[in-house]
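Since the structure comes first, as structure tokens, the remarks are kept for the end.
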């Protein structure tokens with residue numbers, strides 16, 4: 001009997017340990033449903049699956065809403081990040097249209113380096129890719145129609161023959177780019193127009209809002225995105241940014257012509273490393289409890305009470321972030337659920353994927369729980385996104401020649417950055433802080449600058465602000 005008891009003690013110990021572990025887990029699970037428990041935080045983005053090309057991260061600025069507080073706004077942050085490029089997998093083929101401004105102002109180094117950039121693109125593509133080349137001044141001409149790259153030598157000769165001409169029918173060139181891409185469009189291809197200009201649209205459709213709508217229509221309805229490249233000091237950077245924003249792709253500021261090939265190489269590098277296509281986010285939120293105030297980061301639209309954001313192509317290791325600002329209707333009396341859907345096509349396998357994740361906002365009267373619930377990642381992104389909007393307002397005043405008003409708003413922006421700083425923030429915050437303070441110091445002398453220098457300063461500062469919004 002004693003021998004049997006000795007054998008039983010280890011077994012009883014194991015059983016007792018298991019019981020205690022189960023009790024702890026049960027107790028933990030029970031606490032998770034309690035009003036004041038803080039949900040699990042993720043230090044790294046949530047992986048959709050082990051082999052998925054994307055990761056995503058969804059956070060609230062705080063999982064609690066303090067019922068006795070005076071907080072009006074709630075923020076939801078979503079981040080999608082591309083995984084590593086799979087070198088052993090076949091990349092998605094490209095269907096590109098290069099649309100080149102050849103107006104008179106492009107003469108000299110601008111046209112020389114633009115041709116060099118197009119030559120680089122030709123050399124990097126394969127026979128599986130499709131390319132068309134458009135040139136425009138007053139008129140629009142197709143240098144080479146959409147076709148696979150079977151004879152690169154002929155294409156190089158056609159590019160070399162491009163000469164400068166007259167005015168700038170930017171919209172006409174862009175529209176012909178859409179025609180060419182759509183004539184060869186295939187679902188598994190990356191379909192994109194690359195539009196380069198150094199001047200103002202002054203022939204054909206010239207109204208910025210109308211041009212941006214055309215870019216938006218071709219992106220949303222036909223899946224053809226538009227990247228824009230602005231060269232020098234004389235183009236309309238607001239228009240070129242608007243085309244890229246509404247056209248679902250990228251905007252680049254090129255201050256010197258010799259940088260054109262490098263910037264094209266950067267865009268092409270991304271296109272050649274696409275890990276997901278047709279990437280979309282849908283967000284359901286309780287419309288009876290919250291009002292949507294603003295979506296930062298990317299254009300959105302509302303469909304059946306859902307917030308829709310089309311992120312399009314995601315490159316390897318690229319991060320795309322969205323911040324949503326909501327206003328609480330009255331006081332939050334019951335929990336509010338945010339249900340987020342991510343859909344995309346794996347660029348290598350062409351498999352369509354759909355995943356769902358939700359986060360919950362809970363009302364509480366516990367100030368300690370609320371204080372502990374603050375999310376540092378979201379807090380930093382609130383400051384960064386809000387500051388980019390405020391920065392845009394400062395530069396808008398300078399665009400209009402209201403330099404005193406710009407200084408006044410710039411000072412308020414400086415104060416906003418200072419009052420909302422946190423020593424735990426990342427280098428991105430310090431970079432934005434430097435961008436703002438550097439711009440404000442230049443404002444003191446901007447009014448007396450030559451017009452050309454003013455234009456370059458504005459374009460450079462707007463580009464830095466754009467890069468901050470896009471996490472580039």
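The values are calculated or read from the model by the stated rules, or taken from the named source; none is laboratory data. Computed from a predicted model, the values in this text were never measured in an experiment. Note that each Cβ is placed from the backbone with ideal geometry, even for glycine, and that neighbours are counted across all protein chains shown.
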Please go through (1) surrounded by 14 or more Cβ atoms within 10 Å (Cβ to Cβ); (2) within 30 Å of residue 189 (Cα to Cα) for residue 356 and return the number of the only condition it doesn't satisfy.
(1)
Within the stretch 117-162, the count of residues that are more than 21 Å from residue 273 (Cα to Cα) and surrounded by 14 or more Cβ atoms within 10 Å (Cβ to Cβ) comes to 21
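To keep it simple, each residue is scored yes or no on (1) out of contact with any helix residue (DSSP H, G or I) (no Cβ under 7 Å at 6 or more places or on another chain); (2) closer than 30 Å to residue 56 by Cβ.
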site	(1), (2)
84	yes, yes
89	yes, yes
93	yes, yes
98	no, no
103	yes, no
113	no, no
117	no, no
125	yes, no
Considering the stretch 253-285 alone, what residues qualify as being buried (at least 20 other Cβ atoms within 10 Å of the Cβ) and either on the phi > 0 side of the Ramachandran plot or not in a helix (DSSP H, G or I) (or both)?
253, 254, 273, 274, 275, 276, 277, 279, 281, 283, 285
Positions within the stretch 318-338 being assigned to a strand (DSSP E or B) and surrounded by fewer than 16 Cβ atoms within 10 Å (Cβ to Cβ), in sequence order:
327, 337
Somewhere in the stretch 427-437, is a residue farther than 21 Å from residue 238 by Cβ, in a loop (DSSP other than H, G, I, E, B) and either modelled with pLDDT under 95 or within 25 Å of the chain's Cα centre (by Cα) (or both)?
no
When the stretch 189-205 is examined, which residues are found to be outside any strand (DSSP E or B) and within 22 Å of the chain's Cα centre (by Cα)?
189
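Residue-by-condition table, conditions (1) surrounded by 12 or more Cβ atoms within 10 Å (Cβ to Cβ); (2) out of contact with any helix residue (DSSP H, G or I) (no Cβ under 6 Å at 6 or more places or on another chain):
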{"site": "421", "(1), (2)": "yes, yes"}
{"site": "432", "(1), (2)": "yes, no"}
{"site": "451", "(1), (2)": "no, yes"}
{"site": "464", "(1), (2)": "yes, no"}
{"site": "469", "(1), (2)": "yes, no"}
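Listed here are the residues, each with its yes/no results for (1) part of a loop (DSSP other than H, G, I, E, B); (2) farther than 20 Å from residue 186 by Cβ; (3) touching a strand residue (DSSP E or B) at 6+ places or on another chain (Cβ under 9 Å); (4) not assigned by TED's automatic domain parsing to the domain that holds residue 233.
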{"position": "80", "(1), (2), (3), (4)": "no, yes, yes, yes"}
{"position": "98", "(1), (2), (3), (4)": "no, no, yes, no"}
{"position": "112", "(1), (2), (3), (4)": "no, yes, no, no"}
{"position": "117", "(1), (2), (3), (4)": "no, yes, yes, no"}
{"position": "121", "(1), (2), (3), (4)": "no, no, yes, no"}
{"position": "126", "(1), (2), (3), (4)": "yes, no, yes, no"}
{"position": "133", "(1), (2), (3), (4)": "no, no, yes, no"}
{"position": "138", "(1), (2), (3), (4)": "yes, yes, no, no"}
Where residue 233 falls short, out of the listed (1) buried (at least 20 other Cβ atoms within 10 Å of the Cβ); (2) in contact (Cβ under 8 Å) with a residue 60 or more places away in the chain; (3) under 25 Å from residue 202 (Cβ atoms):
(1)
Return yes when residue 390 is at pLDDT 95 or above and within 21 Å of the chain's Cα centre (by Cα) and no when it is not.
yes
Which pairs turn up if I take residues in the stretch 256-268 that are closer than 21 Å to residue 191 by Cβ and look for partners that are surrounded by fewer than 18 Cβ atoms within 10 Å (Cβ to Cβ) and at pLDDT 95 or above with beta carbon separation below 8 Å, at least 6 apart in sequence or on another chain?
264/120; 265/120; 268/120; 268/124
Which listed residue is out of contact with any strand residue (DSSP E or B) (no Cβ under 7 Å at 6 or more places or on another chain) and either within 29 Å of residue 89 (Cα to Cα) or modelled with pLDDT of 95 or more (or both), from 299, 286
299
Condition met for residue 215 (touching a helix residue (DSSP H, G or I) at 6+ places or on another chain (Cβ under 9 Å), without any contact (Cβ under 8 Å) to a residue 60 or more places away in the chain, under 23 Å from residue 142 (Cβ atoms) and in a loop (DSSP other than H, G, I, E, B))
no
Against the condition outside any loop (DSSP other than H, G, I, E, B) and either in contact with a helix residue (DSSP H, G or I) (Cβ under 6 Å, 6 or more places away or on another chain) or outside the structural domain of residue 254 (by TED's automatic domain parsing) (or both), how does residue 71 come out, does it pass?
no
Can you name every residue in the stretch 286-317 that is touching a helix residue (DSSP H, G or I) at 6+ places or on another chain (Cβ under 7 Å), surrounded by fewer than 21 Cβ atoms within 10 Å (Cβ to Cβ) and part of a loop (DSSP other than H, G, I, E, B)?
299
